[in-house]
Amino acid sequence: MTRREDCLAMDESDGLAQFRNEFFLPEGIIYLDGNSLGARPRAALERARQVVELEWGEDLVRSWNTAGWFELPVKLGDKLAPLIGAGRGEVVVSDSTSINLFKALAAALHIQAGRGSTAGRRFIVSERDNFPTDLYIAQGLARWLDRGYQLRLVDTPDELPSAIDQDVAAVLLTHVNYRSGRLLDMDALTRHAHQQGALAIWDLAHSAGAVPVDLAGADADFAVGCTYKYLNGGPGAPAFIWVAPRLMPSFSHPLSGWWGHAAPFAMQADFQACPTIRSALCGTQPTVSLSLVECGLDIFARTDMAALRRKSLAMTDLFIDLVEHRCAAHPLELATPRAHAQRGSHVSFRHPHGYAIVQALIEKGVIGDYREPQIMRFGFTPLYLRFVDVWDAVDALARILDQQAYDVNRVPQAVT
């Protein structure tokens, strides 16, 4: 079994070790929840001060022009694009993942209607284990459209090919499952959807900045995702939306706000969509939050996703191996696939007292999180985590389990 000294040696030879200094990490904390909220880039504090004190405080409304506030959604989209296999002018950073998902799904159904595909295509396919907001948005949109759309849910990824048939209008899938960390085959599933005449929408919330993504190579149709997880944009940071260039001429959505207008400051009474990805915008943008997103993206511009993926897999391999050796006497069940091709960048274990154990770990300075039912999640962010952090986290987990040092009667907090 790997020793702590081995992990220290791995850190010495880690080509990404330098990036840990780009983040503020509290002393004594092992942060394994970057899959939920990324750590703060050190540059973010000064950037926030600059935006609030100087750009807002001194230049006031002039900063929409002088500080480039107006162009931020597209500027950030261009910086994010290489991380997801997109091109310049194809991504905007704006709104929340839920809102962008609504736009993408509405646009997909509208495009299908324009193709005369509404007669038989009444199904939207997703996984029952998809992130709940994705399902809620699909249910809500189908209900409001009142055109007979139905959500068709599968219980396992293996059921997706048979569920995606010629009755399907759109396929709505999360690339890396939020609960299990299961990584779907984007290329194969998108190709199958297209063969059946369906459009593919991908949620990259647990993919962007964590695993290599090639939207263009997969010939995907739409993608959305957040910036506050692996991209380290800050709590509640704006999300992003991508539309395949071939679909831009037919792209439209119901949230046609003034920022998506071809000429926003012409103040025309009728909406005329901008012919570019800016048409995915709605209203005035949250400039302070947008500005902080850039701090994380600037770090990624100095990295390589292939190198990040190699370290991520090495860390998750190490974590799984250590847990299964050190904690073998306890009722832990691995919920994350072992195969690299099916694994994202977080690892989940089931335990009957998962919530209590996670809380005990947090009290020991090891921060992970919990998801129902019985899932303990541990995120591995290669930019700022060390291999010795993995060893120390498992050591803390083993001690808690061996000593039963957790309170099974603990009442869950509002955020788990």
From phi via Karplus (6.51, -1.76, 1.60), per-residue ³J(HN,Hα) for region 234-244 in Hz, x at Gly/Pro:
x, x, x, 4, x, 8, 9, 9, 10, 10, 4
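Find how much the distance from LEU334 to ARG88 grows on full extension, using 0.36 nm per residue of separation minus their present alpha carbon separation; answer in nm with one decimal. Can you show the working numbers first?
Values: separation 246, 0.36 × 246 = 88.56 nm, distance 3.95 nm.
Here the answer is 84.6 nm.
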Result row for the chain, helices from DSSP H with C-alpha axial extent 18 Å or more and mean Kyte hydropathy at least -0.5, is 97-114, 132-145, 287-300, 305-326, 387-403
Tell me which residues come under 5 Å, amide H to amide H, from LEU151 once H is placed; ignore anything under 5 positions away on its chain.
ILE124
Full extension between ARG246 and VAL288 adds, at 0.36 nm per residue less the Cα distance, a length in nm of 11.9 nm
For the chain, evaluate the Debye formula with one uniform point scatterer on each Cα (no solvent term) and list log10 I(q)/I(0) at q = 0.06, 0.14 Å⁻¹, rounded to two decimals.
-0.26, -1.27
Which of GLN268, GLN285, GLN139 fluctuates most in a GNM of the chain (C-alpha springs under 10 Å)? That residue is GLN268
To the nearest 20 Debye, how big is the dipole of the chain about its Cα centre, given +1 on the beta carbon of each Lys and Arg and -1 on that of each Asp and Glu?
600
When a/c is below 1.5 the answer is rounded, else prolate if a/b is larger than b/c, else oblate, so apply that to region 277-348 with a ≥ b ≥ c taken from the square roots of the Cα gyration tensor eigenvalues.
prolate
Apply the a/c threshold of 1.5 to the C-alpha gyration tensor of region 17-142 and tell me whether it is rounded, prolate or oblate.
oblate
Given unit charges at Cβ for Lys, Arg (+) and Asp, Glu (-), the dipole magnitude of region 113-242 about its Cα centre in debye, nearest 20, is 380
For peptides 167-178, 402-413, 244-255, sequence by mean Cβ density within 10 Å, most packed first:
167-178, 244-255, 402-413
Between region 220-257 and region 361-388, the Cα center-to-center distance that results, in Å
27
When a/c reaches 1.5 or more, the comparison of a/b and b/c decides; with that in mind, is region 328-391 rounded, prolate or oblate per its Cα gyration tensor?
oblate
If amide H atoms are modeled at 1.01 Å from N in the peptide plane, then the residues at a separation of 5 or more from VAL92, or on another chain, having amide H under 5 Å from its own are ILE241
Just how large is the dipole of region 1-54 about the Cα centre, in debye to the nearest 20, putting +1 at every Lys and Arg Cβ and -1 at every Asp and Glu Cβ?
220
Projecting each Cα onto the charge dipole of region 1-86 (Lys/Arg +1, Asp/Glu -1 at the beta carbon, about the Cα centre), which of LEU45, ILE84, ASN21 comes out farthest on the positive side?
ILE84
How big is the antiparallel share of DSSP beta bridges in region 120-183, given as a percent to the nearest 5?
10
For region 157-313, state the semi-axes of the equivalent ellipsoid (square roots of 5 times the eigenvalues of the alpha-carbon gyration tensor), sorted largest first and rounded to whole angstrom.
28, 24, 12
Quick one: work out the % antiparallel among DSSP beta bridges in the chain, nearest 5.
55
Alpha carbon centroid spacing (whole Å) that separates region 63-112 from region 131-153:
23
Given pairs LYS103/LYS364; LYS79/LYS364; LYS75/LYS311 and cut-off 31 Å on Cα-Cα distance, the over-length ones are LYS103/LYS364; LYS79/LYS364
When the scattering of region 86-189 is computed by the Debye formula from its Cα atoms alone, each counted once and equally, what is log10 I(q)/I(0) at q = 0.12, 0.16 Å⁻¹?
-0.42, -0.75
Could you work out the relative contact order of the chain? I mean the mean sequence separation of Cα pairs under 8 Å and 6+ apart, divided by the number of residues, in percent.
22
From the helices alone, meaning DSSP H stretches of at least four residues, give me the mean residue ellipticity at 222 nm for the chain, per-run term -39500 (n - 2.57), in deg cm²/dmol to the nearest 500.
-10500 deg cm²/dmol
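Values quoted throughout were computed directly from the atomic coordinates according to the rules given, and no laboratory measurement underlies them. Fair warning: this is a prediction, and the values are worked out from it, not measured in the lab. Neighbour counts are summed over all protein chains in view; Cβ atoms, including those assigned to glycine, are modelled from backbone coordinates with ideal geometry.
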